[in-house]
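Read-outs throughout are calculated quantities, based only on the coordinates presented, and are distinct from any laboratory measurement. None of the values given here were measured: they were computed from a predicted structure. Here the Cβ positions follow ideal geometry from the backbone for every residue, glycine too, while neighbour counts run over all protein chains shown.
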Amino acid sequence: MIEIKNVHANIEGKEILKGLTLTVNSGEVHAIMGPNGAGKSTLASILAGREEFEITEGSVTFEGEDLLELDTEERAHAGLFLAFQYPVEIPGVSNVNFLRTAINEIRDARGEAPISAKDFMALVREKSKIVELDSKLASRAVNEGFSGGEKKRNEIFQMAMLNPKLAVLDETDSGLDIDALRIVAKGVNSLKSADNASIVITHYQRLLDYIVPDYVHVLYDGKIVKTGNKDLALELEEKGYDWIKEETQVG
Amino acid sequence: MDKVLTQTKFDVLRTKLSPTIFPISDNSISKAEALLEHTDFPTRKIEAWKYTNVNGLNKLLLDGKSSALTKPNSISKETSKKVHIINGKISKEHSDLAGIKTSWNELPSICEEDSFDALNLLYCTAAIELTFKDGENKTIELIFENTRDTAIFPRIFISCKESAKGTVILNFQGAEKNASFINVSTFVDVEENAHLSIHKIQKNGSETFDLQREYVNQAANSVFAINTFPLSGRMTRNDLRINVNGSNCETFMNGAYTLKGKSHCDNHTTVDHKVAHCYSKELYKGVIDDRATNVFNGKVFVRKDAQKINAFQSNANILLSETGSVNSKPELEIYADDVKCSHGSTTGQLDDEAIFYLRSRGLSEKSAKELLVKAFLGEVLEEVDNEDVRSYVEEEIEKHFST
């Protein structure tokens, strides 16, 4: 699905990613963990196409296409979705209105006809249930006045509506209480299929109790320094990141 | 020694104008002439014209050259009364003039010291009086179709009688490249318990200069709302002056503008709260693209004994280019001590984070910006109670982005 090869990325001249390599196949859930400043959010940003980052080396291939050549919206058309760590409030723009525009622009890019109003509303009803999002929230202005938990549920609702091939969840668990965390995880799990994949970026192991990853990667100093299964996450939770740092420095 | 007489800018302009065919008293003529004599166009030294330069008026040829207007849009539904004013003159065959005064024994004189109002009187091309009586609740739309490069000087009198309710749509539509000089004076009288709404659309040709003044007087317990939509034109200047003379009045002023190319738009508004227990609310918002320039000046006066006034004023602008500019000046002058007033002005860009967020969901940069602009101007449109006007302006905002 996606092949990230030896990616180096700078922001304002400072190198954050220093040769990151990662391959994700259909049907897989990959967790990326790591201490603050390791480059976790930078990874999410370069995948979504934030222009502040300069990629100096390496490549990213998504479904056979050079992802780095695509504009942000073209990446969405190709089936990439980023759940934001800090979802943006957009006063005056209704959630459903903007989602219909988004769905139709994606369909247009794929040469499909626009979705009918009836099918769209049925989709809204079906998908808002997945994250237990009140239908009133679905029609309100995008994230305006939403609580932290509602914003994150809205991200997963949008993900459900857009049905991406690859979802990148950037610290979706940050700021969530245990109930919201459970709902968000349930949403992500129910969207999982053999044809899609997710990259779950998180600082804490907690989320991985609910979203069980196939692989856990430790990102440290701009590189993936260790890969394991879900037990690695538990080990990190118990021992912290210091031993990884030491191991890396020794290595 | 002989005095050297030089030709003023008004003198030059007047050589291209034909005197009005409407009867004016000698007294009115000399009052108007006195204002124009030895007078040049206002310069930036005059505070009210600091950011608006009308010298370009004299570059207009006003030679009657015609260009087709694709669709002379009437905005309102068929239930309303419609009057067509074609190139400044009332078209009797296309208009429903029953109950509307269009012939005059004598035109009323100018009411304030304004040289453009004086010019409007002396060269008036159409004088129209609309009267709303209790129990009628009608909508009248004046459709100004401008297909020739000419001088269009309507003088409009609107009288909303005691306890009457009325709606007026002033719909200015110019052919795409029209290069006219539109100069309008509108006198509005809202009597006790009356309720009047005016919607003004200024969809002028790209070379047109449009200078308009509204003089409004509100009596006690009346409600007056005016929604102004300068949508296109080379230069648009609106001077809105509202005197709130009676207590328990409500006054609403809304404006939304979309400027691009090298167009210039200037909205000057004044609300004068002369008496107590009144409410006024003003909201003007606009987007400025390319090299366009916008001016807003809103004055609210609260006179000495006008206690318990609630007056709110806000102007917000979004610059869509690096070369557009905005001069916004909200002013409050309060001489009473028990009032609640606020004013504010903001000018900024669209939120890059919001654009990125929308693009990450698949919207093109253009649709993302369009959605944000529509949301920004939507706050003004929400204030517009007339469905027809609202949907017309919404469509125009969409078209603004597709061309």
May I ask you to list the lysines whose Cα is less than 17 Å away from that of B:LYS133, ignoring any residue fewer than eight positions away on the same chain? B:LYS81, B:LYS101, B:LYS161, B:LYS165
Could you give the alpha-carbon Rg of the stretch B:22-152 over 2.2 N^0.38 Å, rounded to two decimals? 1.26
Amide H partners (placed H, <5 Å) of B:LYS200, local residues excluded: B:LEU170, B:ASN227, B:THR228, B:PHE229
Relative to the compact globular guide of 2.2 N^0.38 Å, what is the alpha carbon radius of gyration of the stretch B:322-383, as a ratio? 1.63
Mean projection area, nm², convex hull over Cα of the stretch B:257-303: 3.3
Karplus-derived 3J(HN,Hα) from phi for the stretch B:328-340 (6.51 cos²θ - 1.76 cosθ + 1.60, θ = phi - 60°), whole Hz, x at Gly and Pro, runs 10, 9, x, 10, 10, 10, 10, 10, 9, 10, 10, 9, 10
Estimate the FRET efficiency between B:THR346 and B:GLU93 by the formula 1/(1 + (r/R0)^6), using the beta-carbon distance for r and 51 Å for R0, to the nearest 0.05. 0.60
Could you state the number of Å between the C-alpha centres of the stretch B:78-106 and the stretch A:1-28? 71
Quick one: the Cα spread of the stretch A:83-233 along its three principal axes, in angstroms, biggest first? 47, 35, 26
Which value does Rg/Rh take for chain B over its C-alpha atoms, Rh per Kirkwood? 0.96
Taking a ≥ b ≥ c as the square roots of the Cα gyration tensor eigenvalues, with a/c under 1.5 meaning rounded and otherwise prolate when a/b beats b/c or oblate if not, the protein assembly as shown comes out prolate
Taking 25 °C and 0.890 mPa s as the conditions, I'd like the Stokes-Einstein D for the stretch B:109-223 in µm²/s, using the Kirkwood hydrodynamic radius from alpha carbon pairs. 166
Roughly what % antiparallel, to the nearest 5, for the DSSP beta bridges in the stretch A:2-250? 60
Quick check: the distance between the Cα centres of the stretch B:224-246 and the stretch A:114-191, to the nearest angstrom? 44
Positive-end residue of A:VAL29, A:ILE2, B:ILE201, charge dipole of the protein assembly as shown with Cβ unit charges: B:ILE201
Roughly how many whole Å is it from the C-alpha centroid of the stretch B:340-403 to that of the stretch B:254-327? 17
Place a point 7 Å from the Cα of B:SER66 along the Cα-to-Cβ direction; which residues of the stretch B:126-149 have their backbone N under 16 Å from it? B:145-149
Kirkwood Rh (inverse of mean 1/r, distinct Cα pairs), the stretch B:172-291, angstrom: 14.9
Note, ³J(HN,Hα) from phi for the stretch B:105-122, Karplus 6.51, -1.76, 1.60, rounded to Hz, x at Gly and Pro: 7, 7, 6, x, 6, 5, 10, 9, 7, 10, 5, 6, 5, 4, 4, 4, 5, 5
Just rank A:ASP134, B:ASP272, fewest to most, by other beta-carbon atoms within 10 angstrom. A:ASP134, B:ASP272
Can you give me the long-range amide H partners of A:ILE224? Hydrogens built in the peptide plane at 1.01 Å from N, cutoff under 5 Å, separation of 5 or more residues or another chain. A:THR21
Taking a virtual spin label 7 Å from the Cα of A:LYS18 along the C-beta vector, which residues in the stretch A:206-224 bring their backbone nitrogen under 14 Å of it? A:219-224
Estimated vicinal HN-Hα couplings, Hz - the stretch A:173-180 in sequence order (Karplus 6.51, -1.76, 1.60; Gly, Pro = x): 7, 5, x, 9, 7, 5, 5, 5
Antiparallel DSSP beta bridges within the protein assembly as shown, percent to nearest 5: 15
